[in-house]
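Okay, so here's the structure we're looking at.
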Amino acid sequence: MQMGMHTDTERCVRAVRSKDARFDGWFFTAVLTTRIYCRPSCPVVPPKPRNMTFYPSAAACQQAGFRACKRCRPDTSPGSPEWNQRADLVARAMRLVADGVVDREGVPGLAARLGYSTRQVERQLLAELGAGPLALARAQRAQTARLLIETTPLPMAEIAFAAGFSSIRTFNDTVREVFALSPSELRAKAPRGSLGAGGGPAAGTPGAITLRLPFRTPLNPDNLFGHLAATAVPGVEEWRDGAYRRTLRLPYGHGIVALTPRPDHIACRLTLGDPRDLTVAISRCRRLLDLDADPVAVDDQLRTDPVLAPLVDKAPGRRVPRTVDEAEFAVRAVLGQQVSTAAARTHAARLVRAHGDPVDDPEGGLTHLFPSPEALAAVDPDTLAMPRTRRATLTTLVTRLADGELRLGVESDWPQARARLLALPGFGPWTVDVIAMRALGDPDAFLPTDLGVRKAARELGLPSTPAALTARAAAWRPWRAYAVQYLWATDSHPINFLPA
């Protein structure tokens with residue numbers, strides 16, 4: 001699959017006729033006779049090809065006057081994998097839109113973060129996606145509104161503002177236009193028992209929302225949740241009752257999320273201090289678990305190597321465990337330099353207890369938010385219990401993050417961020433590449449100097465020196481970060497297994 005798939009009419013028609021869920025999110029089918037748009041896997045009888053037209057985004061469909069299908073609910077399909085594997089202007093803009101920047105800062109704020117004019121951003125989004133940033137943000141608000149209407153008992157006025165609408169009237173008009181139902185009609189049609197189900201607000205926990213996060217199959221949860229649980233920082237993260245739980249630092253407040261792997265979705269339970277943070281919290285959880293990846297495309301490429309093929313066939317669908325906070329991960333990467341997983345957790349827990357913001361978690365053992373770069377930049381370096389060189393590396397990093405000289409957020413330019421990281425004292429290839437892989441989200445980041453990767457390479461008969469292994473890994477591009485997951489999985493380290 002590739003950028004602009006919606007322009008290949010013949011291929012799109014084949015995908016619709018086969019009802020292949022793998023294509024959900026890559027393009028949307030609009031039916032000219034009914035004025036309804038669907039995901040490719042819609043269960044209804046496909047329309048005649050002459051009655052189909054194809055769009056690259058739900059926002060483009062809505063802007064063209066089509067309503068969302070009530071059967072396949074195209075607004076709830078996984079996001080396009082395109083935005084996770086590219087680092088150009090459009091991909092960076094889409095990641096920021098998903099992070100709620102347009103709702104909080106407007107189009108000028110979006111453009112400023114990207115370093116372009118508003119006109120340039122609008123022109124490029126319109127050219128590739130058929131919709132500008134305001135239309136894309138509107139589509140996202142509609143999706144969030146539908147989620148809240150159908151899964152919580154919140155009053156409609158609270159839902160309107162939580163979803164990012166500026167007024168009740170705009171909320172009502174948008175919901176009716178996109179879904180051909182009023183908000184109250186949408187709620188009436190929600191499955192019985194869904195309001196407050198799974199411990200949502202109806203269960204008595206203020207601000208709690210339970211929802212399903214879709215993904216493209218297959219998804220192997222072992223290394224994904226195993227890695228997060230094995231490296232969890234006490235007080236910030238924990239594995240409890242089959243769920244990975246952690247605290248979240250969000251634009252309007254803080255939150256706590258519990259994520260549980262299921263065969264066909266990830267169960268997500270969010271407790272938010274401010275409901276306006278819902279959209280960004282969902283976006284960050286999806287990013288953390290790499291849920292918008294296209295595992296079939298990844299695995300097909302890696303299977304072309306006869307050494308990797310048996311590993312992929314044994315447990316397909318491995319994802320790259322990422323992060324909900326890029327600055328936090330960069331700090332943790334420094335703390336993990338040349339020490340064991342247990343030692344890195346100990347160092348991080350010490351920082352959390354001393355400098356993290358306390359939170360209340362009546363349902364578990366979470367106690368703090370991870371310290372912000374600003375808080376760590378204000379710490380006296382002499383109080384940090386670590387070697388002097390590591391201390392200098394950490395203090396330089398948090399200072400650069402706090403003053404904005406170094407940006408690692410979803411809007412970051414990957415090559416530029418890599419160059420700035422490499423220029424910092426104490427930052428070698430391993431630290432930069434692991435940040436690129438798990439914080440920046442580069443799907444082609446590679447760790448040829450990593451001990452676990454080199455050990456797996458030796459056991460599999462691959463070259464084990466960094467230069468030779470990098471040369472061999474050229475065939476795995478652009479998915480080398482996923483190849484790393486398969487190589488790591490050859491070991492018995494706890495990161496590769498779901499906790500008991």
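A few comments on the model shown:
- Working from label points 7 Å from Cα in the Cα-to-Cβ sense, the A267 to Q338 distance is 4.5 nm.
- Over the chain, relative contact order from alpha-carbon pairs under 8 Å, at least 6 apart, %: 13
- GluC sites (Glu not before Pro) restricted to DSSP loop in the stretch 346-414 with at most 12 other C-beta within 10 Å: E405
- Beta bridges per DSSP, both residues in the stretch 5-76: antiparallel share near 70 percent.
- Of all lysines in the structure, the ones whose alpha carbon falls short of 30 Å from that of K189, not counting any fewer than 8 places away in one chain, are K19, K48, K70.
- Global geometry of the stretch 5-76, whether rounded, prolate or oblate, following the gyration tensor of its Cα atoms and the 1.5 cut on a/c: rounded
- Alpha carbon Rg of the chain, scaled by the compact-globule rule 2.2 N^0.38 Å: 0.97
- Projecting label points 7 angstrom from Cα along Cα→Cβ for Q120 and A354 puts them 4.3 nm apart.
- Signed unit charges on C-beta, dipole axis of the chain, positive-most listed residue G273, A481, T449: A481
- Helix 101-114 axis, angle to the chain major axis (alpha carbon atoms, nearest 10°): 60
- Within the stretch 1-67, chymotrypsin sites (Phe, Trp or Tyr not before Pro) in DSSP loop having at most 11 other beta-carbon neighbours inside 10 Å: none
- Mean ellipticity per residue at 222 nm, deg cm²/dmol - from DSSP H runs of n ≥ 4 across the chain, formula -39500 (n - 2.57): -13000 deg cm²/dmol
- Near R240, once Lys and Arg are set to +1 and Asp and Glu to -1 for all other residues with Cβ below 13 Å from its Cβ, the sum equals -2.
- Taking a ≥ b ≥ c as the square roots of the eigenvalues of the alpha carbon gyration tensor, the stretch 364-409 is oblate, as a/c is not under 1.5 and a/b does not beat b/c.
- Exposure proxy ranking, count of Cβ atoms within 10 Å, fewest first, for E177, E237: E177, E237
- Selection of trypsin sites (Lys or Arg not before Pro), the stretch 1-85, meeting DSSP coil and at most 16 other Cβ within 10 Å: K19, R35, K70, R71
- For the stretch 273-342, the Cα-based Rg and Dmax, in that order, read 16.6, 50 Å.
- Crossing angle, helix 89-98 versus the chain [Cα axis fit, 0-90 degrees, rounded to tens]: 80
- Using only side-chain charges placed at the Cβ, +1 for Lys and Arg and -1 for Asp and Glu, the dipole size of the chain relative to its Cα centre rounds to 1080 debye.
- Cysteine residues of the chain whose Cβ has no partner cysteine Cβ closer than 4.7 Å: C12, C61, C268, C285.
- Annotation: the antiparallel percentage among DSSP beta bridges lying fully within the chain is about 90.
A short reminder: the numbers here are calculations on the coordinates, not readings from a lab. All values derive from a computational prediction rather than experimental measurement. Using ideal geometry, Cβ is built from the backbone for each residue, glycine included, and neighbour counts are taken over all protein chains shown.
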